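The values are calculated or read from the model by the stated rules, or taken from the named source; none is laboratory data. Not measured: the values here are computed from a predicted model. Because the Cβ atoms are built from the backbone with ideal geometry, glycine has one as well, and the counts that use them run over all protein chains shown.
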Ligand SMILES: Nc1ncnc2c1ncn2[C@@H]1O[C@H](COP(=O)(O)OP(=O)(O)OP(=O)(O)O)[C@@H](O)[C@H]1O
Ligand SMILES: [Mg+2]
């Protein structure tokens, strides 16, 4: 979980928030029935006594039959996979990438390029657009072969080299089979590139993941391959959102990758507004998006890393919530609800992935916090954790291990632990919860291990009743 996406309730950016965040319109009154919870689905149009039962087969008919009043274009325009026709505020980066690649059009070898910047700053979108424009040119198609990988989907260095080689295999017999040694695959790949005599532009998106999975050996192979080629050549474009990933690389690999570098800075709120307006114009009917909606989505996303993906997701979720409410327009209020839901989803996902004892510890913290409606001291937490473990018939872990879990929960942004002095009693830590209490407890109670702890639930209980302690004196969020 990104520390910036804690599942806390929507907070207005402070009055002295950076100008980059833009002007946030006045907060609409949050619907108490929805804060942080999923938006309710409107009741069926004909319900109640006497209504004819709807057969499961017709379950989607009503939803599909009612034409959406909000959309003019395909909803896919708000999906991550959509390729926009223009990329506002990335003109400089587009030109820089094009400049690095231009020598390939003159049959010269382009420099290797490293693109880095935080998530959602348009790195992949820019490279894709440059690639499309590049391949529009006939001389490029004749001389250059683009091969792009998202390294998140590449399992091993072996499969990477094999796939590159097989791109150039003219016939089945030339293909590199599985089962050869890595050295043999490497040599075969090199021969296949040489035989075709083209410039290969190899895009390694999320390159840091490749290094984490298989070390930097494969980058060494690829970055020095030109010394072994005469007709063919390889230029690398590495893309990463881990700004430090090159620190641990072999010095030769690092200097070769760093021949050219382009930084993608986070978007500022006014830039995100432009990006969102482009999408909104394409996807929504005129007048559907109320003033303040775009500004609010942009401001939230600007405060959280300037991530365009986040801004677009907020707009998409806001529209979905408006649609389910059968609203005729998307309002700033819908954006507030969308933000709460988005944040909560992130928290629930994070909580589910915790190790078992960490889940029990978090549950103990939440119980203590709920009871006190404020910070809990580590001693109380350990006591609560021990009781819960016993209830679950698990031997409790040593306090030192629990201290480590407290640090882990803090680094995930779920809690905040402040050191407090207790006079002669020494120092202890006071723990504040940074996420919606009831919802997080419920997410934990859904866990197989903790379900025996579940408290009775009301059917209609979908609210974050004690989302935050209004009287808390703990640290404020940035
Ligand atoms: N300038 C822009 N104009 C329009 N859409 C943009 C712009 N920048 C980013 N986007 C959109 O935002 C989303 C995220 O962009 P992209 O995938 O390029 O980010 P990234 O920097 O590669 O992120 P990550 O590091 O997570 O891979 C995509 O849907 C993309 O189309
Ligand atoms: Mg990307």
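Summary table below
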{"quantity": "Answer residue from segment 88-106, given it is within 14 Å of ligand 1 (Cβ to nearest atom) and loosely packed, with under 14 Cβ neighbours inside 10 Å and is farthest from residue 266 (Cα to Cα) among those", "calculated": "95"}
{"quantity": "Residue count for segment 107-119, restricted to those that are in a strand (DSSP E or B) and more than 16 Å from ligand 1 (Cβ to nearest atom)", "calculated": "0"}
{"quantity": "Lone unmet requirement of (1) closer than 21 Å to residue 234 by Cα; (2) within 16 Å of ligand 2 (Cβ to nearest atom); (3) surrounded by 18 or more Cβ atoms within 10 Å (Cβ to Cβ) for residue 110", "calculated": "(2)"}
{"quantity": "Failed item in (1) closer than 13 Å to residue 409 by Cα; (2) touching a residue at least 60 places away in the same chain (Cβ under 8 Å), with residue 361 passing the rest", "calculated": "(2)"}
{"quantity": "Wholly within segment 183-300, strands (runs of 3 or more DSSP E) carrying at least 2 residues that are closer than 24 Å to residue 168 by Cα and within 16 Å of ligand 1 (Cβ to nearest atom)", "calculated": "199-205, 233-240"}
{"quantity": "Qualifying residue in segment 313-334 (condition: farther than 22 Å from residue 68 by Cβ and within 15 Å of the chain's Cα centre (by Cα))", "calculated": "no"}
{"quantity": "Identity of the residue in segment 116-133, touching a residue at least 60 places away in the same chain (Cβ under 8 Å) and over 17 Å from residue 305 (Cβ atoms), that ends up farthest from ligand 2 (Cβ to nearest atom)", "calculated": "131"}
{"quantity": "Qualifying residue in segment 91-106 (condition: assigned to a loop (DSSP other than H, G, I, E, B) and away from ligand 2 (no atom under 14 Å from the Cβ))", "calculated": "no"}
{"quantity": "Tally, over segment 147-156, of residues that are within 28 Å of residue 108 (Cβ to Cβ) and more than 16 Å from ligand 2 (Cβ to nearest atom)", "calculated": "1"}
{"quantity": "Scan of segment 120-173 for residues that are in a loop (DSSP other than H, G, I, E, B) and more than 16 Å from ligand 1 (Cβ to nearest atom), ordered by number", "calculated": "136, 137, 155, 156, 168, 169, 170, 171"}
{"quantity": "Residues satisfying the stated conditions in segment 409-438, i.e. crowded, with 20+ Cβ neighbours inside 10 Å and either part of a loop (DSSP other than H, G, I, E, B) or modelled with pLDDT under 85 (or both)", "calculated": "412, 413, 414, 434, 435, 436"}
{"quantity": "Residues located in segment 165-188, provided they are in contact with a strand residue (DSSP E or B) (Cβ under 6 Å, 6 or more places away or on another chain) and at positive phi", "calculated": "none"}
{"quantity": "Boolean, residue 179 is under 19 Å from residue 219 (Cβ atoms) and either free of Cβ contacts under 8 Å to residues at least 12 places away in the same chain or surrounded by 15 or more Cβ atoms within 10 Å (Cβ to Cβ) (or both)", "calculated": "no"}
{"quantity": "Some residue of segment 143-166 being loosely packed, with under 15 Cβ neighbours inside 10 Å and more than 23 Å from residue 213 (Cα to Cα)", "calculated": "no"}
{"quantity": "Helices (runs of 4 or more DSSP H) wholly inside segment 329-408 that include at least 1 residues being surrounded by 22 or more Cβ atoms within 10 Å (Cβ to Cβ), modelled with pLDDT under 90 and out of contact with any strand residue (DSSP E or B) (no Cβ under 7 Å at 6 or more places or on another chain)", "calculated": "332-352"}
